[in-house]
Amino acid sequence: KLFAVGDNGVVVPFNQNPTIYIYSLVNPIDNTVFYIGRTCDTLNNRLIQHLFNSNRCNDSKMNIIKSIQMSGKDVVINKLDEFKPLCQSEYRGTHEKELFWISFYSLLGHPLTNKEHKDRAKTGRLD
């Protein structure tokens with residue numbers, strides 16, 4: 001059997017064909033995308049995880065979320081892509097799809113806070 005690990009550490013058997021979503025978090029103050037992610041959870045649940053775990057690991061993302069909340073507005077989550085991987089190798093391929101969207105929004109000049117974006121910016125590679 002093949003398995004995928006969801007955002008909450010929940011193991012999902014591949015025979016359930018989990019739907020994978022690539023999503024963006026948008027700052028409604030200036031309509032910029034500040035984070036790209038992927039999940040096999042619902043987008044609403046994933047947004048809640050970002051909002052209530054905003055003090056972990058990514059200070060840049062946390063600061064934007066807090067500034068949005070302090071302005072009285074809500075962080076917006078948008079679905080960018082959706083697919084059902086049929087095997088483990090297709091599941092691994094979802095990372096490349098996420099990196100595509102990171103590169104896309106980076107090239108458009110959005111202030112992304114993704115670790116992958118920062119690593120690629122240091123090397124100058126956006127492929």
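Read-outs throughout are calculated quantities, based only on the coordinates presented, and are distinct from any laboratory measurement. As the structure is a computational prediction, the values presented were derived from the model and not from experiment. Cβ atoms come from the backbone with ideal geometry, glycine included; neighbour counts cover every protein chain shown.
Annotations
- Extension reserve of the Thr19-Gln69 stretch, reckoned as 0.36 nm per residue once the Cα distance is removed: 15.1 nm
- Note on Leu51 and Lys115: with the Förster distance fixed at 30 Å, the Cβ-Cβ geometry gives a FRET efficiency of about 0.95.
- Distance in nm between pseudo-label sites at Ile29 and Thr42 (7 Å out along the Cβ direction from Cα): 2.9
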